[in-house]
Every structure is written in structure tokens, then in C-alpha cells.
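Student: Take this structure first; my questions come after.
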Amino acid sequence: MPRLLEAEQPDATASFAVVVSRYNESITSKLLDGAVTTLTAAGMADESIDVVWVPGAWEIPLVAQQLAGSGRYAAVICLGAVIRGETSHDEHINRAVSLGLTEASLASGVPVTFGVLTCNTVEQAIHRSGGNVGNKGQESATAALEMVGLMQRLSSLL
């Protein structure tokens with residue numbers, strides 16, 4: 001039977017950065033609440049969670065890259081809400097942000113999670129920020145915790 005490599009419980013001393021967009025703050029503040037609640041429920045101390053507000057989703061990748069590359073954080077959680085308007089502007093932002101976050105994670109070796117909503121309507125964003133579809137901030141923090149535990153596990157084997 002093959003050996004299964006699963007995430008372990010993240011070290012309680014791990015630090016997390018949360019980058020959150022101020023644009024659509026009525027939505028993103030709920031994502032932030034979900035992420036912080038998830039981290040603290042997992043045993044992470046408030047002092048080990050740094051929150052960095054940026055103007056909009058476009059600015060998230062640059063800050064995430066700086067934080068991930070600093071060596072200070074076990075993971076960077078990125079939260080935002082891009083809602084479709086009358087033009088294709090949202091598509092350009094979404095594509096650039098997703099690629100930028102991928103590049104930040106791969107370049108640094110630090111998990112950078114994607115908690116950026118890419119919704120067609122405000123109603124969809126509300127539902128994904130604590131409404132009837134859950135809270136993507138919570139899901140992004142859960143993914144960060146699992147990835148930190150997995151990276152710890154892998155580092156002990158490699």
C-alpha cells in the first residue's frame with residue numbers, strides 16, 4: 001500500500017498574513033471575519049495574524065508577493081470581491097490577480113490562497129461572504145491551514 005502524505009496540525013507559532021481589498025468592503029470585511037475566526041479557532045493567536053488592507057483586488061498580488069517572500073509568514077490569505085459590471089474590466093482583474101497570486105506562491109514556496117470572489121452580481125458576493133453558499137474567507141483560511149500543515153510534513157521528508 002502506498003504511503004499517504006497528509007497535512008499535520010500547523011505549528012501554533014506559525015504566522016499568517018491576510019491581504020484584503022478595501023474595494024467592496026461590505027463584502028470583504030465579512031470574508032476577513034471568516035478567515036480570522038477560522039485561524040483563531042484552529043489555535044492561532046491573534047498576534048500571529050497580520051491583516052493588510054489594500055485599495056482593491058488589483059493590488060493584492062504585489063502585497064502578497066512581498067509578504068510571502070519575507071520569510072515571516074507560513075501562508076498568505078488573499079481576500080477580495082470583484083463583481084461584474086457593464087464592461088469586461090472584471091475579467092482582466094480576475095485573470096491578473098489569479099496569475100499574480102499563483103506566481104507569488106510558486107516563487108516564494110509559501111502557500112498563497114485565493115479567497116477573491118469573482119461574482120456576476122452583488123447578491124452572489126453576499127451569498128459567498130457568509131450567506132447561503134458559505135464564507136470563502138473561511139474556506140481560504142482552512143486551505144491555508146491545511147497547506148501549512150502539508151508543507152511542514154513535506155519539509156520533514158524532503
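Student: Multiply the residue gap between residue 29 and residue 52 by 0.36 nm, knock off their C-alpha separation, and tell me the result in nm, one decimal place.
Tutor: Between residue 29 and residue 52, full extension yields 7.1 nm more.
Student: So, one more: Would you mind checking the tilt of helix 25-41 against the longest principal axis of the Cα atoms of the chain, expressed as 0 to 90 degrees and rounded to 10?
Tutor: 20 degrees
Student: Length gain on complete extension for the stretch residue 156 to residue 89, per 0.36 nm per residue less the alpha carbon to alpha carbon distance?
Tutor: 19.7 nm
Student: If you place +1 on the Cβ of every Lys and Arg and -1 on the Cβ of every Asp and Glu, how big does the dipole about the Cα centre of the chain come out, in debye to the nearest 20?
Tutor: With only Lys, Arg, Asp and Glu charged at Cβ, the dipole is about 200 debye.
Student: Positive end of the dipole of segment 42-158, charges at C-beta (+1 Lys, Arg; -1 Asp, Glu), about the Cα centre: which of 80, 107, 118 has its Cα farthest in that direction?
Tutor: About the Cα centre, the residue reaching furthest to the positive side is 107.
Student: How much FRET efficiency would the formula 1/(1 + (r/R0)^6) give for residue 12 and residue 106, where r is the Cβ-Cβ distance and R0 is 25 Å, rounded to 0.05?
Tutor: 0.40
Student: Quickly estimate the mean residue ellipticity at 222 nm for the chain, helices only: each DSSP H run with n ≥ 4 gives -39500 (n - 2.57), and the total goes over all residues, rounded to 500.
Tutor: Calculated at 222 nm, the ellipticity per residue is -16000 deg cm²/dmol.
Student: Let me ask you something else. For 118, 28, 40, what's the fewest-to-most ordering of other Cβ within 10 Å of each Cβ?
Tutor: Least crowded to most crowded, the residues run 40, 118, 28.
Student: Separate question: Taking every pair of alpha-carbon atoms in the chain, give the share separated by more than 28 Å as a whole percent.
Tutor: 19 percent
Student: Let me ask something else. May I ask for the distance between the Cα centers of segment 69-125 and segment 1-20, given as a whole number of Å?
Tutor: Computed from Cα coordinates, the inter-centre distance equals 20 Å.
Student: Helix 136-157: angle to the longest alpha-carbon principal axis of the chain, degrees 0 to 90, nearest 10?
Tutor: The angle comes out near 30 degrees.
Where a number appears in this text, it was derived from the coordinates with a stated rule and is not lab data. Here the structure is a predicted model, which means the values were calculated and not measured. A quick note on method: Cβ atoms are made from the backbone with ideal geometry, for glycine too, and the neighbour counts reach across all protein chains shown.
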